[in-house]
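Just below is one structure, and these are the notes that go with it.
The values are calculated or read from the model by the stated rules, or taken from the named source; none is laboratory data. A quick note: this is a predicted structure, and the numbers were derived from the prediction, not measured. Glycine also receives a Cβ, built like all others from the backbone with ideal geometry; neighbour counts cover every protein chain displayed. Areas reflect the complete protein model, heavy atoms only, side chains present, ligands, DNA and RNA absent. Shrake-Rupley method; radii C 1.70, N 1.55, O 1.52, S 1.80 Å.
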Amino acid sequence: QVQLVESGGGLGQPGGSLRLSCAASGTIMRFDVMGWYRQTPGKQRELAATMSRGGITNYADSVKGRFTISRDYAKNTVYLQMNSLEPEDTAVYSCYAYYVGNRFWGQGTQVTVSS
C-alpha cells in the first residue's frame with residue numbers, strides 16, 4: 001500500500017511564493033520518479049515537474065525558472081517550490097509517484113493565485 005499526502009496549497013499572490021509538500025508512506029521507500037501534475041477545470045492534467053531517483057528533473061515550459069522540485073529521500077518526500085506565481089498557475093496540484101510500472105497519485109491540493 002502506498003499513500004501520498006500533499007500539503008501546502010492555498011491562496012498565493014501574483015508574484016508571490018508557495019511551497020507544496022508530498023509525503024509518501026507505505027512499502028516503497030525509493031520511487032523511480034516523484035513529481036507534480038496540475039489540472040484546471042475543463043483541461044487535461046498536465047505535468048508541472050518531476051524528478052527521477054537520480055536527480056534528473058523535468059519541468060513544464062510554463063514553470064521553468066519559477067518552480068523548483070526537490071526530494072528528501074530520507075523522508076520519502078517531494079517538494080515543489082513555486083515562485084513568481086501567476087494567475088495561470090491556479091490549479092489542483094496532484095502528487096505523483098512511479099515505481100516499476102506502477103503509478104500512484106495523491107488526492108490533490110488546490111492552489112489559487114489571485115490578488
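Length gain on complete extension for the stretch SER25 to GLU86, per 0.36 nm per residue less the alpha carbon to alpha carbon distance?
Difference between extended and current length: 18.8 nm.
For segment 8-21, putting each phi into the Karplus relation 6.51 cos²θ - 1.76 cosθ + 1.60 with θ = phi - 60° gives couplings of x, x, x, 9, x, 8, x, x, x, 9, 9, 10, 9, 10 Hz, in residue order, rounded to whole numbers and with x for Gly and Pro. Remark: segment 87-97, residue by residue, has Karplus-estimated 3J(HN,Hα) of x, 5, 7, 4, 5, 8, 9, 10, 6, 9, 9 Hz, where x stands for each Gly or Pro and the curve is 6.51 cos²θ - 1.76 cosθ + 1.60 at θ = phi - 60°.
When the chain is treated as a Gaussian network with alpha carbon springs shorter than 10 Å, the biggest mean-square fluctuation among MET51, MET82, MET29 belongs to MET29.
Shown here for segment 20-115: trypsin sites (Lys or Arg not before Pro) in loop regions (DSSP other than H, G, I, E, B) with at most 14 other Cβ atoms within 10 Å, namely ARG30, LYS43, ARG53, LYS64, LYS75. Return the FRET efficiency for the residue pair ALA74, GLN13: r is the Cβ-Cβ distance, R0 is 41 Å, and the value is rounded to the nearest 0.05. So, using R0 = 41 Å, E works out to roughly 0.80. Across ILE28, ILE56, ILE69, mean-square fluctuation computed from a Gaussian network of the chain (C-alpha pairs under 10 Å connected) peaks at ILE56.
Tally up the carbon and sulfur contribution to the accessible surface of the chain as a whole percent, 1.4 Å probe, everything protein left in place.
It is 47 percent, rounded to a whole number.
Of all DSSP beta bridges in the chain, what percent run antiparallel (nearest 5)? Within the chain, antiparallel bridges account for around 95 percent of the total.
In terms of overall dimensions, segment 1-106 has a Cα radius of gyration and Dmax of 13.2, 39 angstrom. In the context of the full set of protein chains, the chain has a per residue accessible area of 53 Å² (1.4 Å probe).
Taking θ as phi - 60° and the Karplus parameters 6.51, -1.76 and 1.60, the scalar couplings of segment 22-28 work out to 9, 9, 9, 10, x, 8, 9 Hz in sequence order, x denoting glycine and proline.
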